[in-house]
Amino acid sequence: MASFWDKLKQSYLRGTVVIRLIYINAGLFLLIRLLFVLLSLTGLKGKELLDWIQMPAGLDAFLQRPWTALTYMFVHYDLMHLFMNMLWLYFFGKMFLRWYSERQLGAHYVLGGLTGALFFLFGYEYLPFFSGLQMQSPLIGASASVMALCIAATVYSPDEPVSLFMLGNLKLKYLALVMIVLDLLGFNEANAGVGLAHFGGAVWGLIVGLSMRRGKDLAAWLNPLISLCSKRSANRPSKRSRMRVSYQRSTKETTFRSADVDKSYLDKKKREAARLDAILDKVKQSGYDSLSQDEKKQLFDVSDRTN
């Protein structure tokens with residue numbers, strides 16, 4: 001019987017990129033809180049640890065820790081902050097995958113977060129409103145990345161119907177508008193920099209949505225890097241891939257077993273080919289948007305294997 005950790009691992013490996021991003025954010029949250037507890041028990045302060053992974057507002061501090069422009073978008077310290085960001089990520093991530101690939105979602109999650117970091121840093125460095133606030137206002141959380149996915153999906157298909165519990169059907173553009181209004185209502189001096197980051201993510205999402213409507217993918221230049229990482233991960237040896245070969249005394253028994261394995265492999269390939277043909281026929285008849293999430297994932301997996 002599989003252990004809890006084995007089930008967790010399989011859930012991560014079999015999940016979409018949305019599920020994997022949620023796992024990464026939640027896992028880092030638990031790790032950070034655990035480290036804070038351990039540091040407190042030893043009389044040390046955890047703030048120094050957080051300073052190395054959250055993005056500082058001042059340019060001088062950022063130049064000393066430039067990697068924080070990437071790490072901050074995966075880091076949360078408050079449980080409610082994590083919960084709300086992951087809730088929005090799950091919802092808008094699923095919407096995003098109706099029209100975009102998993103590769104594109106992962107790329108634009110990062111690029112949206114980087115754009116938010118750029119707006120955040122620019123605001124604190126050059127806007128008079130933020131003068132003197134740099135030391136107390138670091139940037140942390142996935143909000144800018146989620147905002148980019150939200151706006152990209154909304155711009156691409158603003159009238160997409162969304163079914164909400166107890167509220168019935170609602171167009172995607174109105175749901176995105178609610179998210180933006182809630183963000184604006186929370187604007188104050190204490191979190192003005194966060195609002196700038198959200199605005200940066202929204203700008204990136206707007207650019208992505210408009211580009212995709214014209215058939216252009218702004219993350220295409222990242223495909224070779226993503227393919228390289230995917231191939232290295234696929235080629236990495238694992239415990240399950242190791243085979244133990246034992247000597248068989250009976251030649252006939254070995255031949256029969258080999259034939260059974262070959263037949264099973266060929267049957268599996270035939271079934272996969274038949275499913276793929278059915279998906280391609282569906283695309284020809286009704287278009288890509290008619291595919292279910294599982295069918296889109298099968299096409300994506302086939303594309304990865306052929307690269």
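Coordinate-derived values only; no laboratory data. As the structure is a computational prediction, the values presented were derived from the model and not from experiment. No Cβ is skipped: glycine too gets one built from the backbone with ideal geometry, and neighbour counts run over all protein chains shown.
Quick notes on this structure:
- The length gained on full extension between SER40 and ALA273, counted as 0.36 nm times the residue separation minus their Cα-Cα distance, comes to 78.2 nm.
- Rounded FRET efficiency, nearest 0.05, which uses the C-beta distance separating SER290 from HIS81 and R0 of 41 Å: 0.65
- By average C-beta atoms within 10 angstrom, highest first, the peptides 8-20, 205-217: 205-217, 8-20
- Computed over the alpha-carbon atoms, region 4-226 gives an Rg to Rh ratio of 0.98, Rh here being the Kirkwood radius from the mean inverse distance.
- Averaged over residues, the count of other Cβ atoms within 10 Å places the peptides 30-42, 75-87, 99-111 in the sequence 99-111, 75-87, 30-42, highest first.
- Dipole magnitude of region 4-226, debye to nearest 20 (Cβ charges: Lys/Arg +1, Asp/Glu -1, about Cα centre): 680 debye
- Estimated D of region 1-134 in µm² per second, where Rh is the Kirkwood radius over Cα pairs and Stokes-Einstein applies at 25 °C, 0.890 mPa s: 145 µm²/s
- LEU185-GLU48 pseudo-label distance in nm [points 7 Å out on the Cα-to-Cβ vector]: 4.2 nm
- THR71, THR115 arranged by Cβ crowding within 10 Å, fewest neighbours leading: THR71, THR115
- Length added when fully stretched, LYS216-ARG20, from 0.36 nm per residue minus Cα-Cα: 68.0 nm
- Positive minus negative residues near VAL162 (Lys, Arg vs Asp, Glu; Cβ under 13 Å): +2
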